[in-house]
Structures are given as structure tokens and as C-alpha cells.
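In what follows, a structure is listed as C-alpha cells, so that the remarks can point back to it.
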Amino acid sequence: MKYKRSENTVVLRVDRGEEIVSSVKRVCEKEHIACASVAGIGAVDHAVVGLYHVAEQKYRSNTFDGEMEMTSLLGNVSEQNGQVYLHFHAGFAKEDGQMLGGHLNEAVVSGTAEIFITVLPGSVGRFRDSVTGLNLFDL
């Protein structure tokens, strides 16, 4: 992974064999980013995405392997208990055009991933909501 920061924007390249979520987290920790918007594209050969079931208060994940275009990575950076907290959703296209996606747990780059982190001033925390079980923005 390589990145450079210019004022409030971090441009990140995640390289072949590297994992996207952990790479973004490392950059945010190193750059002391507590609030940001994240967007990106790329190519992966392994992705774990999930769907949150509110009634059960848990995620169910699916693992997909094989060449896929990451057509969209969207998400945000906040904090929970003083630690970087990432919340990402992603869409992936298979060779036949079939789309899959959801809440992104992990994705391993097969070619490259190009990600922009737009840093916002201040910080936003999170708290666990007892009704939904989700970690919500603490505004």
C-alpha cells in the first residue's frame, strides 16, 4: 500500500495481495483521522460481504472468490472507544456482469484499488444502540 496526503484528502493505492479494510484502517491510524468519507474502485479476487439482520442483531456474511471488479466502495471513518471505526459497503461485478455486495468485511486486491479518503474536521463517535444492536453515530 502507498498513499499521499494533500490537505484534507488522502489518495491511497492498495496493491495486489493486500487487504482493503485493514489498509484503510492503518492509514487512518497513522494519519490520526477520526472523521472521513471514503470512496474507491479496484479489482479483487476475494471478498467477504454481509447483511445485518436487525431482528437477530447480527451480520450474516458471504465469501466470494474469483476475479471481480470492485465497482464501488463507499463508507465512512469515525471512532468508537478511542479507536478508528470503519463502516464500508461495496459492490462487485463478476465476469458475467452479475453484481454482488453488501457490508464489507474484507476484500483482497487482485490488481489494484484506488481509494480517496476525504478527511473532515473534528471527530464523530459511535455508541451501541440497544434496540437495533448497531453502532450508531453519536451526534
Residue ID - surrounded by the most Cβ atoms within 10 Å (Cβ to Cβ), chosen from residues in region 42-56 that are over 16 Å from Q98 (Cβ atoms) and out of contact with any Asp or Glu (no Cβ under 8 Å at 6 or more places or on another chain): G50
Total residues in region 1-54, condition of a type outside the set (V, I, T), under 23 Å from D65 (Cα atoms) and over 11 Å from the mean Cα position of the chain (by Cα): 14
Condition broken by Y59, with the remaining ones in (1) open to solvent by less than 80 Å² (accessible area, probe 1.4 Å); (2) among the hydroxyl-bearing types (S, T, Y); (3) without any contact (Cβ under 8 Å) to a residue 60 or more places away in the chain satisfied: (1)
Top-ranked residue in region 66-88 [being part of a strand (DSSP E or B) and polar (S, T, N, Q); ranked as surrounded by the most Cβ atoms within 10 Å (Cβ to Cβ)]: S78
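Rundown of residues vs (1) touching a strand residue (DSSP E or B) at 6+ places or on another chain (Cβ under 7 Å); (2) modelled with pLDDT of 95 or more; (3) among the hydrophobic types (A, V, I, L, M, F, W, C), yes/no style:
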position	(1), (2), (3)
G17	yes, yes, no
I33	yes, yes, yes
L51	yes, yes, yes
V54	no, yes, yes
F88	yes, yes, yes
Single residue of E106, E7, E79, E56 found to be more than 27 Å from D129 (Cβ to Cβ) and among the charged types (D, E, K, R): E7
Residue within region 120-130 that is surrounded by 15 or more Cβ atoms within 10 Å (Cβ to Cβ), within 13 Å of the chain's Cα centre (by Cα) and touching a residue at least 12 places away in the same chain (Cβ under 8 Å) present: no
Subset of region 75-109 [of a type in the set (F, W, Y) and within 8 Å of the chain's Cα centre (by Cα)]: F88
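The values are calculated or read from the model by the stated rules, or taken from the named source; none is laboratory data. Only a predicted model underlies this, so the values are computations on that prediction, with no experimental measurement involved. As a convention, Cβ positions derive from the backbone with ideal geometry for all residues, glycine included, and neighbour counts pool all protein chains shown. These accessible areas exclude ligands, DNA and RNA; they are computed on the full protein's heavy atoms, side chains included. Shrake-Rupley method; radii C 1.70, N 1.55, O 1.52, S 1.80 Å.
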